[in-house]
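Asker: Input: one structure, supplied below.
Just so it is clear, none of the values below were taken in a lab; they were calculated from the coordinates. Here the structure is a predicted model, which means the values were calculated and not measured. Every residue, glycine as well, gets a Cβ built from its backbone with ideal geometry; the counts of neighbours run over all protein chains shown.
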Amino acid sequence: MQHSAQSATTPSSASPLLVVGSVAYDDVETEFGARKDLLGGSATYFSVAASLFTQARLVGVVGNDFRDRQIFADHGIDTRGLVTDASGDTFRWGGRYHADMNSRTTLYTHLNVFERFRPDIPEGWETSPFLFLGNIDPELQLDVLSKVRPPRFVTMDTMNFWISGGKRAAVLSALARVQGVLVNDEEGALLTGARTALGMGRGIQKLGPNTVVLKRGEHGALLFHGPDIFYVPAYPLETVIDPTGAGDTFAGGFMGYLARTGDLSLDNLRRAMLAGSILASFCVEGFGLDAVRTVHLDAVRRRYTDFESLTRCPSRLL
């Protein structure tokens with residue numbers, strides 16, 4: 001069962017969603033086994049999750065060894081921006097997760113053709129109203145922003161390598177030009193020097209984005225939007241098979257829902273947070289894309305109903 005049938009139900013009012021990021025092959029080891037040559041990368045997880053709600057437009061690069069374009073086609077993802085660099089292989093990453101699934105050891109990182117990646121936005125895509133800048137060199141993020149008309153809503157991701165390395169100034173320049181950012185606690189602390197979630201969220205807002213999503217893994221996620229704060233827990237699971245790509249899947253669910261509804265109100269941002277958390281919960285239940293690629297809206301709605309029950313508070317305390 002693929003998303004292609006589900007994609008046909010996407011309303012005509014849904015806006016296309018442009019994502020620029022990595023497409024990779026991963027070798028992953030967890031206590032549940034080892035899998036090689038899993039399709040991965042930030043743009044892959046993001047676009048597959050987003051495709052549940054709207055059409056994703058993917059900009060990335062793969063090498064001459066790439067063989068998985070059909071997966072994108074099955075999900076209605078437009079890959080005109082996914083170029084093949086025949087001079088080498090696709091970006092590859094290998095990692096081993098520890099028993100707690102919250103920490104991992106990187107076994108290798110081979111950038112391959114991704115090291116020479118220069119995003120090229122296909123004609124017509126520069127007017128995409130929703131844009132997600134995946135975890136790529138912040139100078140490339142700035143380059144993409146210079147090539148598109150100001151989107152209605154653009155969010156970005158980043159990582160400690162860029163923040164604490166020689167690209168911090170570029171990260172800050174990108175933050176000043178986007179409406180939203182999704183980061184984890186480590187990245188939030190590096191950006192702001194704060195030690196608490198509240199300090200990180202408010203500190204990042206001062207750098208430019210009015211909307212900040214602080215991803216906290218099994219501890220859920222916090223939304224900072226203007227003066228308002230909203231918390232969504234992680235969906236409770238008995239078993240986590242593979243956490244790879246959960247953050248990008250969250251981002252795909254979050255942005256995909258906003259692109260589908262076109263509503264940037266606080267209440268709808270809260271719904272988008274729930275959509276992101278639910279999609280991430282499916283992602284970690286299998287290796288790579290195994291679980292999330294077969295999810296349909298009915299399953300998402302069921303977990304949304306579970307969330308309503310899990311988070312419903314009594315009318316009063318005393």
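Asker: 7 Å from Cα along Cα→Cβ at both HIS98 and LEU172: what's the point-to-point distance in nm?
Answerer: Those two pseudo-labels are separated by 3.2 nm.
Asker: Further question: If the reach is capped at under 19 angstrom between alpha carbons, list the aspartates and glutamates near LYS36, excluding any in the same chain fewer than eight residues apart.
Answerer: Cross-link targets: ASP26, ASP27, ASP65, ASP68, ASP89, ASP242, GLU285, ASP290.
Asker: Obtain the nm distance between the two label points defined at SER265 and ALA34 by a simple spin-label model: each point lies 7 Å from its Cα along the Cα-to-C-beta direction.
Answerer: Placing both labels 7 Å beyond Cα along the Cβ direction yields 5.3 nm.
Asker: Using alpha-carbon positions, what is the distance between the centroids of segment 28-107 and segment 193-249, in Å?
Answerer: Cα centroid of segment 28-107 versus Cα centroid of segment 193-249: 23 Å apart.
Asker: Divide, for segment 64-131, the radius of gyration over alpha carbons by 2.2 N^0.38 Å, where N is the residue count.
Answerer: 1.46
Asker: Another one. Based on the Cα gyration tensor of the chain, what are the three equivalent ellipsoid semi-axes, each the root of five times an eigenvalue, rounded to whole Å and given largest first?
Answerer: Ellipsoid half-lengths, sorted descending, are 26, 23, 21 Å.
Asker: Hey, got a sec? Which GluC sites (Glu not before Pro) in segment 85-134 land in a DSSP loop and have at most 16 other Cβ atoms within 10 Å?
Answerer: Passing sites in segment 85-134 are GLU123.
Asker: How much length is gained on full extension from THR109 to ARG301, taking 0.36 nm per residue of separation minus their Cα-Cα distance? Write out the running numbers ahead of the final one.
Answerer: Details: separation 192, 0.36 × 192 = 69.12 nm, distance 3.71 nm.
My answer for the length gained is 65.4 nm.
Asker: Between ASP248, ASP26, ASP290, which gets the highest mean-square fluctuation from a Gaussian network model of the chain, Cα cutoff 10 Å?
Answerer: Of the options given, ASP290 has the highest mean-square fluctuation.
Asker: OK, next. Contact order normalised by length for segment 4-311, with contacts defined as Cα pairs under 8 Å and 6 or more residues apart; what percent is it?
Answerer: For segment 4-311, the relative contact order is 18 percent.
Asker: Mind checking which aspartates and glutamates have their C-alpha under 20 Å from LYS167, skipping anything on the same chain fewer than 8 residues away?
Answerer: GLU115, ASP137, GLU139, ASP143, ASP157, ASP185, GLU186, GLU187
Asker: Let me ask another. Given labels modelled 7 Å from the Cα in the Cβ direction, how far is it in nm from ARG202 to PHE230?
Answerer: 2.1 nm
Asker: Just from its helices, what would the mean residue ellipticity at 222 nm be for the chain, if runs of 4 or more DSSP H residues each count -39500 (n - 2.57) and the sum is divided by every residue, rounded to the nearest 500 deg cm²/dmol? Walk me through the numbers on the way to the answer.
Answerer: Values: 11 runs with 108 residues, N = 318.
Dividing the helical sum by the residues of the chain leaves -10000 deg cm²/dmol.
Asker: Name the trypsin sites (Lys or Arg not before Pro) in segment 258-318 that are in a loop by DSSP and that have at most 12 other C-beta atoms within 10 Å, would you?
Answerer: Answer by residue number: ARG312, ARG316.
Asker: Please give the length that would be gained between SER146 and LEU310 if that part of the chain were fully extended, namely 0.36 nm times their separation in residues minus their C-alpha to C-alpha distance (nm, one decimal).
Answerer: Between SER146 and LEU310, full extension yields 54.7 nm more.
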